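One structure below.
The values are calculated or read from the model by the stated rules, or taken from the named source; none is laboratory data. Keep in mind that what you see is a predicted model, and the values were worked out from it rather than measured. Glycine also receives a Cβ, built like all others from the backbone with ideal geometry; neighbour counts cover every protein chain displayed. Ligands, DNA and RNA are stripped out before the accessible areas are found, and what is left, the full protein with its side chains, is counted by its heavy atoms. Shrake-Rupley method; radii C 1.70, N 1.55, O 1.52, S 1.80 Å.
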Amino acid sequence: MKLSNTLAIIAGATIAAAPLFAATAYQNQVGFLTKGQKQMAVVDAEGKDVVFKDSEGKVALTVTAPKAEIWVPAGDTAASLVDFSKLATEGTYQAYVGDEKIGHPIIIGDKALEDAAKASLKFFYFQRASTELTEEFAGIYKRAAGHPDTAVRYHSSTGVTEVGKTFDGSKGWYDAGDYGKYIVNSGISTYTLLQLYQQNKEYFDKLNLNIPESGNEVPDILDEIKWNLDWMLTMQDEDGGVFHKLTTKQFAGTVMPFKATAPRFAIGKGVEASWNFAAVMALASEIYKPYYPEFAAQCIEAAQKANNWAVANPYSVYEQPGDVGTGSYTGAAEWTIKMWTHIEMYRLSKDERALEVIKKLPISRKKAALQSWQNSYMLGIYTIATNPDIFEKEMVDSASAIITSMADEYIASLDTNGYGVALSKGDFYWGSNGVAANKGMLLIHAYILTKEEKYLNAAQSIVDYILGRNPLDKSYLTGFGVNPTMNPHHRPSQADSIEAPVPGMIAGGPNASATDCAKSYNNAKAVARSYYDNSCSYATNEVAINWNAPFAYLIGSIQAIATTGKTYDVTTKPAATYELTSIPFANNNLQASRRNQEGKRMVVRGNKVQLELTDRNGIKSHFSVSGKRIK
C-alpha cells in the first residue's frame with residue numbers, strides 16, 4: 001500500500017491514543033515553530049523550576065513557573081502558564097519538574113505546523129462527493145464514489161413544479177458528519193479558504209496536498225476549493241435565485257457514501273443562500289481569473305444574477321419544509337449577508353450603487369459579532385479594513401477599529417489566565433472549537449493590520465489550545481498529537497472499519513449544553529471539560545467544514561507567515577475588475593414598496609400564523625395576530 005508522506009506521519013501519530021505521561025502539564029502536542037511563541041500550562045508547579053532537556057538529556061532551558069491562575073472554563077484547578085519561547089533550536093525536548101517528566105515530547109521546528117495545516121486542508125478532499133477516493137490520494141481511507149447527484153430532484157419548496165424535472169448537482173463537499181450539501185455553510189467555509197489563499201499566495205502556490213489535481217499549474221488549495229465552487233454553481237436556479245441545500249429528506253444512517261442511496265433533492269430557495277453565494281462567487285471571480293478565466297467570468301455573472309434575485313425578493317427567507325429533517329440552517333441575519341455581498345461587489349467594481357447600499361447599513365462596534373454562518377458581518381468588515389485603497393478612509397478606519405477592539409478584548413482576557421487562551425465561559429456551545437478558530441482568524445486580521453506580535457501570539461495560543469493545551473489534554477485534530485480525537489461523529493469514519501478516523505478533522509469540541517449522549521459530561525463549573533470522545537455525540541464530537549475552514553485559515557496563516565517571513569500587504573489591488581452593469585443595487589420602486597409595507601408579512605411558525613416585521617437592518621420581530629410580541 002502506498003501512503004503519502006502526510007498519511008504516513010498521521011499513521012504513526014495515531015498509534016498511541018492515551019497520554020504517555022501524567023498530564024500535569026498541558027501543551028500543543030503537535031509542534032512549535034522555532035521562532036514562535038511557546039507556552040504550556042503546568043499544574044502544581046508555581047515557583048518551581050521547569051527544566052527543558054534535549055533529546056540527549058542535556059538541559060537546554062530552565063524557567064521558573066509563575067503564579068498559578070484560574071481559567072474559568074477549566075474549573076477550579078489553577079495552572080501556571082510557563083513560557084519557553086527562548087527555546088529556539090529545532091529538535092525534540094522534554095519538560096521536567098525535579099526528576100518527574102511533565103507533559104509530552106516537545107517538537108520544535110521551522111515547519112512544525114505544516115503537516116497539521118496540510119491535513120486540515122486535505123480534510124476537504126476526504127469530504128468530496130460524487131467521486132471515488134483512490135488509494136493514491138486517500139491511502140487507507142480510499143472509498144468508492146457516492147452520491148453522483150447527476151439527477152437531483154426539485155422539492156416543492158423550490159417553486160419548480162415541472163413533473164420529473166431533475167438537474168446535475170454533482171461535486172461539492174459533504175457538509176459535516178452527514179452527507180448533505182448546504183449553501184450557507186458551504187459559502188462561509190469556501191470564502192474562508194479563499195481568504196487564506198488570497199492572503200498567503202506565496203506559500204500556498206507551492207504547497208502540495210496530494211490530491212488528484214496536484215502537479216498541474218494551479219495551486220492545490222484552489223483546485224480543492226473549485227471542487228466545491230463547481231457544485232455551488234449548479235445550485236443556481238434559472239431566475240438567479242440559489243437553492244438552500246441539496247440533501248435527502250432525512251439523514252442517512254451510519255453507512256459509507258455509496259450505500260446512502262435515498263433520493264436527493266434541491267430544497268428551498270432564499271436570500272440567505274443567494275447573497276451568500278454572490279459574495280463567494282465575487283471573490284472567486286478575482287482569484288481564479290489568472291488560472292481559469294472562463295470559470296472566473298462564470299462566477300461573476302452568477303454573482304450578479306444571484307444578487308439581482310435577492311434584491312427583487314427581499315422577503316424570501318428560507319423556512320424548513322415539514323417533510324424534511326436534515327440540517328435547516330435557518331435564522332441567519334440576512335442583512336449581514338447582504339452587506340457582505342455588496343462589499344465584495346464594490347471591492348471588485350467600485351460601483352457607486354454598491355457603495356450606496358453599504359452606507360445604508362451600519363459599520364459599528366455595536367453591530368459586530370464573530371463571523372459564523374448565521375452572521376456574516378465581520379467578513380465584510382475584514383474586506384473593508386484590508387482594502388484601504390478601495391474603500392473610503394472613514395469606512396476603513398471604522399472597520400479596522402472594530403477588528404482591533406475585538407482583538408484587544410480577547411487579549412485582555414488572557415490576564416490572570418492559567419491556560420493563556422482567549423475563550424470565555426460563554427464560548428462553549430455547539431462547535432466551540434469553531435468559535436476558537438474564528439477568534440483566531442480575527443486575531444490574524446488584527447496582526448495583518450497592525451503587525452503587533454501580541455495578536456499573532458494570541459492566535460498561536462488558540463492553535464495550542466485546539467492541539468492539546470486544554471484541561472482534557474486532548475488534541476481535537478484527528479490523526480495528530482499524543483491524545484487525539486478518535487471517535488468523531490463522521491459517517492465515513494464510523495463505517496469504514498478502520499480504527500483511526502479520517503485525519504485532519506476538527507472535532508466540534510466541549511459543549512456545556514449537550515443533549516445527546518454527552519449530556520452526562522456537561523459541567524457548568526468547568527465548561528471546557530464538557531466533551532465526550534464518542535461518535536454518538538454529535539453535540540461535542542461531530543466535524544464540519546465551517547469549523548475546519550477557520551482552523552485551516554488560522555494554522556495555515558501562522559505557518560505561512562513563519563515560512564515566508566511576510567504578512568499580507570493590504571494595499572494589494574484586486575487582480576480582476578468588472579463593470580457590474582446588470583445589478584440593480586438600488587431599486588427605487590422596490591424601496592418604496594418596502595416602505596409602504598413597513599416590512600410586514602404573514603408567516604407560519606410553529607404551526608401558527610404570525611406577523612413578521614423586518615426593520616431597516618433586516619432584523620426580524622414576530623407578533624401574534626392579536627399583536628403580542630413573541631420572543
Protection proxy ranking, peptides 194-204, 473-483, average beta carbon neighbours within 10 Å, highest first: 473-483, 194-204
Filter the GluC sites (Glu not before Pro) in the stretch 26-75 to those in DSSP coil with at most 10 other Cβ atoms within 10 Å of their Cβ, and list the result. GLU56
In whole angstrom, note down how far apart the Cα centers of the stretch 371-450 and the stretch 275-322 are. 25
With a bin width of 5 angstrom, please list the P(r) values of the stretch 369-461 as percents of all Cα-Cα pairs, from the 0 bin to the one holding the largest distance. 3, 14, 24, 24, 19, 10, 5, 2, 0
What number, in nm² with one decimal, is the all-direction average of the projected area of the convex hull of the alpha-carbon atoms of the stretch 172-218? 4.1
How compact is the stretch 162-241 by the rule of thumb for globular proteins, expressed as Cα Rg over 2.2 N^0.38 Å? 1.28
Roughly how many whole Å is it from the C-alpha centroid of the stretch 254-270 to that of the stretch 155-208? 15
Semi-axes a, b, c in Å (a largest) for the stretch 362-402, each sqrt of 5 times a Cα gyration tensor eigenvalue, come to 18, 11, 6
Obtain the radius of gyration and the Kirkwood radius of the stretch 108-169 from its C-alpha atoms and give Rg over Rh. 1.26
Please report, in whole Å, how far the alpha carbons of the stretch 301-360 spread along each principal axis, starting with the longest. 44, 23, 18
Thinking of the stretch 195-325 as a set of Cα atoms, what percent of all their pairs are more than 20 Å apart? 55
Restricted to Cα positions, what overall size does the chain have along the principal axes? Three whole-Å values, descending. 77, 56, 54
Place a +1 charge on the Cβ of each Lys and Arg in the chain and a -1 charge on the Cβ of each Asp and Glu, then give the dipole magnitude about the Cα centre in debye, rounded to the nearest 20. 1720
Equivalent-ellipsoid semi-axes of the stretch 260-304, from the Cα gyration tensor, Å, largest first: 26, 15, 8
Classified through the alpha carbon gyration tensor (a ≥ b ≥ c as square roots of its eigenvalues; rounded if a/c is under 1.5, else prolate when a/b is larger than b/c, else oblate), the stretch 283-428 comes out oblate
In this model, which of LYS142/LYS245; LYS226/LYS338; LYS305/LYS573; LYS181/LYS259; LYS305/LYS350; LYS245/LYS359 are farther than 20 Å apart at the alpha-carbon? LYS142/LYS245; LYS226/LYS338; LYS305/LYS573; LYS245/LYS359
Take the alpha carbon atoms of the stretch 73-109, find their center, do the same for the stretch 211-241, and report the distance between the two centers in whole angstrom. 42
Reachable lysines, given that their alpha-carbon falls under 20 Å from the alpha-carbon of LYS566 and they are not under 8 places away in the same chain: LYS35, LYS111, LYS118, LYS201, LYS206, LYS451, LYS454
For the stretch 41-157, the percent of accessible surface on carbon and sulfur atoms (probe 1.4 angstrom, ligands and nucleic acids excluded) is 47
Work from the charge dipole of the chain (Cβ charges, +1 for Lys and Arg, -1 for Asp and Glu, about the Cα centre) and give the residue of LEU133, SER170, LEU209 farthest towards its positive end. SER170
Normalising by the residue count of the stretch 144-266, find the relative contact order in percent from Cα pairs under 8 Å and 6+ residues apart. 36
Tell me, what is the percent relative contact order of the chain, built from C-alpha pairs under 8 Å that lie six or more residues apart? 17
Signed unit charges on C-beta, dipole axis of the chain, positive-most listed residue GLY268, ALA284, PRO388: GLY268
Amide H neighbours of VAL242 at under 5 Å, excluding residues fewer than 5 places away on the same chain, with H built from the backbone geometry, are ASP237, GLY270, SER274
What share of Cα pairs, in percent, lie more than 17 angstrom apart in the stretch 412-536? 59
Cysteines not pairable in the chain (beta carbon separation under 4.7 Å absent): CYS299
How many Å² of accessible area per residue for the chain, probe 1.4 Å? 38
Which value, in Å² rounded to 10, gives the accessible area of GLU453 with a 1.4 Å probe and all protein chains present? 100
Descending packing, highest mean Cβ count within 10 Å first, for 460-471, 297-308 is 460-471, 297-308
Expressed as an acute angle from 0 to 90° and rounded to the nearest 10, what is the orientation of the C-alpha long axis of helix 220-234 relative to the principal long axis of the chain? 30
